[in-house]
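To start, the structure itself, in structure tokens.
The values are calculated or read from the model by the stated rules, or taken from the named source; none is laboratory data. Nothing here was measured: the structure is a model prediction, and the numbers come from that model. FYI the Cβ positions are ideal-geometry reconstructions off the backbone, even for glycines, and counts take in every protein chain you see.
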């Protein structure tokens with residue numbers, strides 16, 4: 001513990017960062033200094049701005065929040081408490097990403113989000129809302145065939161991995177985009 005204290009102090013932390021208590025050690029850190037706290041606050045501000053500010057400002061706030069993300073949360077720790085917290089933060093990140101995409105789709109920014117959606121869909125291959133958003137973005141970008149392929153890949157994945165079909169909502173979107181392709 002002395003070596004850990006020394007390393008923190010050398011890095012600029014106050015000596016009181018790690019405090020010895022009768023029952024063990026206590027890490028004294030301002031919650032506002034934690035990435036997780038800052039991220040949660042940034043998402044909260046983005047959500048609020050989506051209801052009261054122009055779309056571009058809200059999109060910027062979502063982009064700023066999402067830009068804080070650096071990879072899997074607490075990926076190398078084996079703790080049920082931390083695993084639950086990591087899962088919650090990951091879900092918040094995905095919800096924020098979906099909300100950002102929804103705003104971008106409504107404002108005509110479909111072309112700017114396709115690459116992010118492709119990456120997210122690859123990272124979360126069973127996340128139907130992301131796949132539906134990718135389908136819409138591709139279709140609106142004039143890539144209807146690619147949009148239909150997204151659905152087919154998702155359907156194969158869900159069938160093979162979970163023995164389920166895509167949701168009725170996503171199936172309706174597929175039929176609508178297919179009809180759009182036939183009409184074109």
Going by the conditions given, is residue 149 surrounded by fewer than 16 Cβ atoms within 10 Å (Cβ to Cβ) and closer than 25 Å to residue 164 by Cβ?
yes
Sole exception among (1) within 12 Å of the chain's Cα centre (by Cα); (2) surrounded by fewer than 18 Cβ atoms within 10 Å (Cβ to Cβ) for residue 93, by number:
(2)
Regarding residue 139, is this residue in contact with a helix residue (DSSP H, G or I) (Cβ under 8 Å, 6 or more places away or on another chain) and modelled with pLDDT under 95?
no
Of all residues in the stretch 1-54, which are under 30 Å from residue 101 (Cα atoms) and in contact with a strand residue (DSSP E or B) (Cβ under 9 Å, 6 or more places away or on another chain)?
none
Test residue 79 against the criterion of being more than 16 Å from the chain's Cα centre (by Cα), outside the structural domain of residue 129 (by TED's automatic domain parsing) and either over 22 Å from residue 129 (Cβ atoms) or surrounded by fewer than 17 Cβ atoms within 10 Å (Cβ to Cβ) (or both), and give yes or no.
yes
With the structure loaded, tell me whether residue 53 is without any contact (Cβ under 8 Å) to a residue 24 or more places away in the chain and either surrounded by 13 or more Cβ atoms within 10 Å (Cβ to Cβ) or within 13 Å of the chain's Cα centre (by Cα) (or both) or whether it fails that test.
yes
Hits in the stretch 135-167 (condition: over 22 Å from residue 182 (Cβ atoms) and touching a residue at least 12 places away in the same chain (Cβ under 8 Å)):
157, 158, 161, 162, 167
All but one of (1) assigned to a helix (DSSP H, G or I); (2) modelled with pLDDT under 95; (3) more than 13 Å from the chain's Cα centre (by Cα) hold for residue 86, so report the exception by its number.
(3)
